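Notes follow the structure.
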Amino acid sequence: MPLPPGIASAVVDPDFWHDYLGLDSRRRRKKDEYPEIANHAEPWSAEALAEWQLLTATPPPDDPVHRMCRLDFPVGPRYSVRLTIHPDLDHELDLVRPDGTTAQLGWMDCHNHKDALRCEELDLIGRCQALADPALPHPGVPALLLHKYTPLTGPGDVGPAAAVLRSAAAAVGLDWGVVGERLMFLADHRPDRFVWRSGDQGWWLEQDGNWLEDRLRRANSGYARLASAGERDGNRLEGGLRPLHTLRQPGNADYPFADMKELVADAWRACRSAVRPGWRTAAVTGLARAAADGAFDRLPVLADALEEAGCDHGLILAHLRHPDPARGAWVVELLLDSEWGSVLAELGREESGRPGRGRG
């Protein structure tokens, strides 16, 4: 599904990304100054008006309708992930079920609940967009928009995420040398001891019980200084202190655990079905393995071998021939049917080896 015209114009504007991603200490535009992104309008509900007045302490808005940008990212044939962005750049994330009903995954406003997606899920959503619509390459706009809901929790996350974010930033004209450190700082929650757990219910996120004591000790400062004088940045305090904000917890009966499992399964099926078994010739497999070992200069040659094997998938061939190896890395993972992130991690090895933000 192509991006609506308003947001399509915004994503080539550096001001939009600096404000949406929080790359500067101050916004480049004032609040509510992105009205051009709106592609959807709904009447204000009594509940929404009451919340508006509670949060803003201002009279109800004059406009009888609430205008917003609604982006639906299909993930396989049944489910979608919906990102709703408001003109002030507050936003929320929902899962859209096959019957059209929705379930909230997270939101970002003055009361954030943004810890919502695993890195694998973020990457799969981006892959599905690219395979369905070549106008949305991966890594690209979807990954950059949704990564704010994706906390990095360990070295296995950081390498692939760094490769994806670096490539996505370049796709919209952002200089990684300027914005990369800030992006990774905001996403990296290893020092906060966020941990993904899995069970019959699915995946959920929790925080190590000793995270606060450990963080205070590492910061080598008293609680009062951290709590009162700490630099706030997205609910983060000095020394990297940031509590977990998530709906994805076992005790939350409203969280769509079963639907998330189905969505991820659908995403993997959609991605794997894009590669036909007959394409995996000895030449293709050998070149793919070489690329997986770091020979990314062989990706265009791999594309040629795929064509000789009968591959006519324009997106796959274009990604392998693109000068940014991150676009071809995830294709190599599909060709080898390898573990998620194994090739992307090679591209982000430098970032994954760095200590987490805020460590002394």
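Here, each number is a calculation from the coordinates, and none is a lab measurement. The shown structure was predicted, so the numbers you read here are calculated from the model rather than taken from an experiment. With ideal geometry, Cβ positions are generated from the backbone for all residues, glycine too; neighbour counts draw on all protein chains shown.
Under the convention that each Lys and Arg Cβ holds +1 and each Asp and Glu Cβ holds -1, the size of the dipole of the chain around its Cα centre is about 820 debye.
Sorting the segments 326-337, 131-142, 293-304 by their mean number of nearby beta carbons within 10 angstrom, highest to lowest, gives 326-337, 131-142, 293-304. Between residue 36 and residue 254, what's the calculated FRET efficiency when r is the beta-carbon distance and R0 is 41 Å? Round to 0.05. Calculated transfer efficiency: 0.75.
Among 154, 255, 81, whose Cα lies farthest out toward the positive end of the dipole of the chain, if unit charges sit on the beta carbon of Lys, Arg (+1) and Asp, Glu (-1)? So the residue furthest toward the plus end is 154. Normalised by 2.2 N^0.38 Å, with N the number of residues, the alpha-carbon radius of gyration of the chain equals 1.02.
The string of couplings for the stretch 72-89 from the Karplus curve (6.51, -1.76, 1.60, θ = phi - 60°) is 9, 10, x, 10, x, x, 10, 9, 9, 10, 10, 9, 10, 10, 8, x, 8, 6 Hz, one whole number per residue in order, with x for Gly and Pro.
Determine the shape class of the stretch 1-89: with a ≥ b ≥ c the square roots of the Cα gyration tensor eigenvalues, call it rounded for a/c under 1.5, and otherwise prolate if a/b is greater than b/c, oblate otherwise.
It is oblate, given that a/c is not under 1.5 and a/b is not larger than b/c.
Of all DSSP-defined beta bridges confined to the chain, some 95% are antiparallel rather than parallel.
The distance from the alpha carbon centre of the stretch 248-280 to that of the stretch 1-27 is 28 Å, rounded to a whole number. Given a Förster radius of 22 Å and the C-beta distance between residue 15 and residue 53 as r, what FRET efficiency does 1/(1 + (r/R0)^6) yield to the nearest 0.05? Given R0 = 22 Å and the Cβ-Cβ separation, E is 0.15.
Report summary: the helix-based calculation at 222 nm, which adds -39500 (n - 2.57) for every DSSP H run with n ≥ 4 and divides by the residues of the chain, gives -12500 deg cm²/dmol.
Spin-label pair residue 185-residue 103: with each label point 7 Å from Cα along the Cα-Cβ axis, the two points sit 3.6 nm from one another.
Compared with the direct C-alpha span, the chain from residue 111 to residue 135 gains 5.2 nm at full extension, assuming 0.36 nm per residue. Under a Gaussian network description of the chain, with springs only between Cα atoms under 10 Å, the residue in 281, 153, 101 that fluctuates furthest is 101.
Per 0.36 nm of contour for each residue apart, how much would the distance between residue 337 and residue 170 grow if the chain were fully extended, relative to their Cα-Cα spacing? Walk me through the numbers before you get to the answer.
Numbers: separation 167, 0.36 × 167 = 60.12 nm, distance 2.70 nm.
Full extension of this stretch gives 57.4 nm more.
At an R0 of 45 angstrom, the distance between the Cβ atoms of residue 90 and residue 309 translates into a FRET efficiency of 0.40. Please work out whether the stretch 171-211 counts as rounded, prolate or oblate from its C-alpha gyration tensor, where a ≥ b ≥ c are the square roots of the eigenvalues and a/c under 1.5 means rounded, while otherwise a/b larger than b/c means prolate and anything else oblate? It comes out oblate by the Cα gyration axes.
Here the simple spin-label model places points 7 Å from the Cα toward Cβ, and for residue 45 and residue 62 these points are separated by 2.7 nm.
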